[in-house]
Structures are given as structure tokens and as C-alpha cells.
Amino acid sequence: MAELDSKIIIVDDQNVEHEMNILFTFEDNRTNKKFVVYYDPEDESGDLYASIYDEDGKLYPIEDEKDWDTVQEVLDAYVEENEMMDDEEHECECDHDHDEDHECHCHNHDDEDEEK
């Protein structure tokens, strides 16, 4: 799977062009199909889109349910991997579990602030 910081242009049914950000691309080795997962940076809904693409970069709609299942599996793995990376970024040096706000309670930080 390749994570990209690229953009693609999507043309909708009314022939209006939309610039989308590519989240990642991948190839299914079983079918040799190439997929691109992308989103609209102007849309705050968080909706993701996916298409099949060829060597020339032409996009095709995903019509096969098995292809959608493949995209969902890869997307789930992508989300899980990124959640793990986010968790690692929020670890403190004390090496214990934190509450949902990722606050470290190993020290009484209020007492330290009062001493200064």
C-alpha cells in the first residue's frame, strides 16, 4: 500500500471537476486490480471514495462486491495501523496506561508547578 500526498481530479455526472486528495493506493495481487482511496479536502464529513485505476491513471467505478470487500479490508487495516501509530505518539516515559485524554498522572504536576 502506498500512502501519497497527491491529488486527483474527479469528474462528476454533471461534468464538474473536483480536486481530491489521495489517501493511499494498493494493488490486489489476486485480481491484479489497482485501487485508489481518496477524499474531498473541502468536505468535512470524512467520507472516503474508492476507484479502480489503470496504468494510464484512468479511473473506473468499483462494481463488484468482492472488490468492495477488498477495499474495506485494506481500509480497516489502514485505520488500525494509523490508530496504533497515534497511540505510540501519545505515550509518556512512565510506560503505563493513560485515561482517554492521554494525561499522565504519574506525578503530581500541580505540586511541581506550585514549587516553581
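Remarks
- Cut-off 10 Å between beta-carbons: net charge of the residues surrounding ILE9, Lys and Arg +1, Asp and Glu -1: -1
- Taking label positions 7 Å along the Cα-Cβ direction at both VAL16 and TYR53, the computed distance is 2.3 nm, reported to one decimal.
- Proximal charge balance of LYS34 [Cβ under 13 Å; K/R count +1, D/E count -1]: -3
- Point-to-point label distance, SER45-GLU63, nm (Cα→Cβ direction, 7 Å offset): 2.4 nm
- Normalising the average separation of contacting C-alpha pairs (under 8 angstrom, six or more residues apart) by the number of residues puts the relative contact order of the range 2-89 at 16 percent.
Only the coordinates and a few stated rules stand behind these numbers; no lab work does. Since the structure is predicted, the reported quantities are computational estimates derived from the model, not experimental observations. As a convention, Cβ positions derive from the backbone with ideal geometry for all residues, glycine included, and neighbour counts pool all protein chains shown.
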